[in-house]
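Bear in mind these aren't lab numbers, they're just calculated from the coordinates by the rules spelled out. Here the structure is a predicted model, which means the values were calculated and not measured. Cβ atoms come from the backbone with ideal geometry, glycine included; neighbour counts cover every protein chain shown.
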Amino acid sequence: MNPIFLKQYEFGPFRLDPAERRLLREGKPVPLSPKVFDLLLVLVRRHGEILEKGELLSSVWPDTIVEESNLSVTVSTLRKALGERPNEHTYIETLPRRGYRFVAPVCEVTDQDREAPDQDQALDIRPSVSIKPSLRLLKPGVLLASLAAVTLLIAGFAYAWRKMANGGASDAAVPARVTTFSGFQGRESSPAFSPDGNQIAFVWSGEQDDNPDIYVKLIDGGSPLRLTTDAADDLNPVWSPDGRYVAFYRQAAEDGGVFIVPALGGGERKLIAAARARFGFRTIARAWLSWSPDGEYLATSERDSQSGPYGITLIARATGATRRVTSPPAPEIGDFSPAFAPDGKTLAFVRINSAEVEDLYVMPVAGGEALRLTFDHSPINDLAWTPDGREIVYTTRRHGMQGLWRIPATGDQPKYLSESGQSVCCPNFARQGRRMAYVQYANDTNIWRLDLTAARSANKQAASTKRMIASTLYEGAPQYSPDGKRIVFVSTRSGSQEIWVCGSEGERPMQLTDFRGPHAGTPHWSPDGRQIVFDCRPDGNADIFVIDSEGGRPRQLTSEPSEDILPSWSRDGRWVYFCSTRDGQTQIWKLPTAGGAAEQVTKQGGYEALESPDGQWLYYTKGRGIPAIWRVLVTGGEETLVRDFRLPVTRYWTITNKGLYFAGAESSARPAINFFNFSTGKVTSVLAPEKGLPLGGPGLSVSPDGRWLLFPQVDQRGSDIMLLENFR
């Protein structure tokens, strides 16, 4: 039977492999997002043809209605990946008002052309010196030497052949290979190899994607074994070094903490109660546990008080006694994602300064000064030591590339791990065999609109929702303009998180900011609709900025070394409220828009603030993960509790004349959007979104006439566990 050779495409220095979904430039992988790869494949397969915009939209986004701007952004991203400069058309030609054409010469090849050399070249064991002349013409010594050379050559080839057959080929000869470990309905996360490398413990949300629990599964096959069944979120499994137990973190309002369960199933044992995690399963990647190689301790993230920073704490397995290892300064959020080095002498962890400023550190377990390894001020989701203890692999975004990066534990420049691609997290290594597990995920968050008139009616089923602002990436933080005719929102459709505006129906989207890396967020309109205030970290430090709503250059309002975030306007436009740590604690401050010094508003803690529509009260939350809303008169006075809503997502709330809209639920199962009536003090359900709400925010906005409610929704999300063989 003839073998089947798969078609590939070569153009310039590139080779496009559809089967492996890889683009190589001179043999080195070029990271592409799925939609950028799809677009390139369509263009290359029909090179030389003019492809209309509508045809490309239907080919690349077959099941989604998206704006034409999505195509423009994707083409721009592809051009950058191919190395095209502005006004160059080496590969892609733009035909105004029509579409695009791939203009570079393309050569169609197969893997036979790439991998099947001439048979004589593939298995040539003939000596380099011909021995065709009669043996009688050669001297005995020369004859013996020649025969010995041939014998050694054949023996050497045979040895190399046996070594490859036995899996002992050199690292350079065996390429990395990626396979799928799990592909279940729902989401899988947090893979952890057993000590013998034959099993993986992991988190699975179940076929209904509603209850994250701990499972164990053999790598070579079989069905997963469910270890936990609690209704709360069970997260971050780690194996005991002897392979007998699995520890995990349970996120629950009343009975959360660190637990141990037998790896073959059985009763749980609670080691320690722990503060409710700020980062739940829906973030996929935040780790809370690491088991020491000697089996005596579990490292976790804990804090001494509800408002204090998190620090790395060691829990004695036998007694549950705790010992604090790190003590970050109070203004910082704290230390997370602890990971013991293979020799048990060093701990790696992530120190979070603010919501988007995170860096990697290492320090001796016995105590001492922490060594900072990264200086990117970029979110780091998870990390793992390589088996030899020389490097740390972690998840972050650098130079516009999100994925797994590796850095020496002694410090140096990080290197991108291109084999795993983008949209990945949760690396974990087997002790032996050069095998790494990680998570491949996909999230598509869009902005929806709810008809509140129908939602308030007796027949709530008649309440209609409509997707308003959509792309294949993240769309969130929507806010209606004061006249209700426009919407400001946050989007990553340009490749970085920027501020955008559009019409009230989602039409005419326009990008306002262009920081190209640092996240811009929390946009709010000025009362006259002419300006938009937001926060950003262009130099690593969080500050407040303002920009004209029609476009222009952002103007920086704050420049203190503190974290200044979450701005909003007073109703008269004279002040901008914001959260700041400039006095050493998280408090609400206000800055006069006409110029002048900032003034502190709250004294007992404050986080995100919104002024009431009548301009009399300032409503605010007190901190990340603190589930309550407070208020104080704008002129000052007593700070009083409005209601404890038990919010799992702190930033999903907004205020109207009649009350508060907020989102709440006890777990990561779909939170409902509710309404708290000021007059009656009652809470009524407004909407249970068909799918989940994303983390972050602000998440809710009501139109000035009170008819519409905007909210973001994760329309598509999923994650699978992948295996990378022959990690080098």
### Over 32 Å between alpha carbons, listed pairs K80/K485; K35/K658; K53/K415; K217/K691; K485/K658
K80/K485; K35/K658; K53/K415
### Query
region 563-641: which GluC sites (Glu not before Pro) are DSSP loop and have at most 15 other beta-carbon atoms within 10 angstrom?
E638
### Query
Per 5 Å bin from zero, what fraction in whole % of the C-alpha pairs of region 443-718 is there, up to the bin with the longest pair?
1, 6, 13, 18, 20, 19, 14, 7, 2, 1, 0
### Query
Roughly speaking, what is the stretch gain from E369 to T410, that is 0.36 nm per residue apart minus the C-alpha to C-alpha distance, in nm to one decimal?
13.4 nm
### Task
Could you calculate the FRET efficiency of K270 with R98 from 1/(1 + (r/R0)^6), where r is the beta carbon distance between them and R0 is 51 Å, rounded to 0.05?
0.20
### Query
If each of D196 and D572 carries a label point 7 Å out from its Cα toward its Cβ, how far apart are those two points in nm?
7.5 nm
### Task
Please turn the phi angles of region 435-450 into ³J(HN,Hα) values with the Karplus equation 6.51 cos²θ - 1.76 cosθ + 1.60 (θ = phi - 60°), one per residue in order, whole Hz, x for glycine and proline.
10, 10, 9, 7, 10, 9, 10, 9, 10, 10, 10, 10, 9, 10, 10, 10
### Message
Using a Förster radius of 51 Å, what is the FRET efficiency between R85 and T453 based on their Cβ-Cβ separation? Nearest 0.05, please.
### Response
0.45
### Message
Sequence gap at least 6, Cα distance under 8 Å: using those rules, report the relative contact order of region 443-718 to the nearest whole percent.
### Response
16 percent
### Query
Ordered by residue, what ³J(HN,Hα) values in Hz, to whole numbers, does region 715-721 give under the Karplus form 6.51 cos²θ - 1.76 cosθ + 1.60, where θ = phi - 60° and Gly and Pro are x?
6, 9, 8, x, 7, 10, 9
### Query
Counting Lys +1, Arg +1, Asp -1, Glu -1, what net charge surrounds L24 among other residues with beta carbon under 10 Å of its beta carbon?
0
